[in-house]
1. Away from the ligand (no atom under 13 Å from the Cβ) and either assigned to a strand (DSSP E or B) or modelled with pLDDT of 95 or more (or both): is that true of LEU12 in this structure?
2. Answer yes or no as to whether ASP70 is out of contact with any helix residue (DSSP H, G or I) (no Cβ under 8 Å at 6 or more places or on another chain), of a type in the set (D, E, K, R) and within 14 Å of THR87 (Cα to Cα).
3. So, in the stretch 53-84, exactly how many residues are crowded, with 16+ Cβ neighbours inside 10 Å, of a type in the set (A, V, I, L, M) and under 16 Å from ALA32 (Cα atoms)?
4. Could you identify the single residue in LEU12, LEU50, LEU28 that is surrounded by 16 or more Cβ atoms within 10 Å (Cβ to Cβ), closer than 16 Å to GLU93 by Cα and not hydroxyl-bearing (Ser, Thr, Tyr)?
5. Scan GLY66, GLY53 and give me the residue that is without any contact (Cβ under 8 Å) to a residue 12 or more places away in the chain and over 29 Å from MET1 (Cα atoms).
6. Please go through the stretch 31-57 and give me each residue that is more than 10 Å from the ligand (Cβ to nearest atom), of a type in the set (Gly, Ala, Ser) and farther than 18 Å from GLU11 by Cβ, ordered by number.
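The values are calculated or read from the model by the stated rules, or taken from the named source; none is laboratory data. Source: prediction; values computed, not measured. Cβ placement follows ideal geometry from the backbone for every residue including glycine, while neighbour counts extend to all protein chains displayed.
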Amino acid sequence: MTWTVVAVEGELGVGQMKRIAPAGKPLLLVNAEGGYFCVDEMCSHEDYSLWFGCVKGRSIKCSLHGSYFDLASGKPLNEPADCPLTTYPTKLEAGDIWVDVS
Ligand code: FES
């Protein structure tokens, strides 16, 4: 396991996201419905940044073609995307938000 601190508690409101790059991987940390999730920054459909999308419930929407992805599983919820995003474990510990990128 390779846990890395990527944010501090309270930094992101619910529905907000942050670009992070632990170990050089471009990822998004998302605070959705009170939980922290970490997924690939780039959409699995056409390599477009999900940073330009929006968070809805526990999903993130790609603004290019409109696919939603479940933030917990990474699975696309509608077409055109048909491949999941990679997800990474997160934890909140002593006021820090950690992501495991191993
Ligand atoms: S690039 Fe994201 S749905 Fe097409």
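1. Numbers: away from the ligand (no atom under 13 Å from the Cβ): yes; either assigned to a strand (DSSP E or B) or modelled with pLDDT of 95 or more (or both): yes.
Criteria met by LEU12.
2. Values: out of contact with any helix residue (DSSP H, G or I) (no Cβ under 8 Å at 6 or more places or on another chain): yes; of a type in the set (D, E, K, R): yes; within 14 Å of THR87 (Cα to Cα): yes.
So ASP70 fits the description; yes.
3. Here the count works out to 3.
4. Numbers: LEU50 fails: closer than 16 Å to GLU93 by Cα; LEU28 fails: closer than 16 Å to GLU93 by Cα.
None of the other options fit; the residue is LEU12.
5. None of the others qualify; the one that does is GLY53.
6. Pass one, the stretch 31-57, residues more than 10 Å from the ligand (Cβ to nearest atom): 31-41, 51, 54-57.
Going one step further and asking which of them are of a type in the set (Gly, Ala, Ser), we end up with 32, 34-35, 57.
Once the filter is applied, which keeps residues that are more than 10 Å from the ligand (Cβ to nearest atom), of a type in the set (Gly, Ala, Ser) and farther than 18 Å from GLU11 by Cβ, the stretch 31-57 yields only GLY57.
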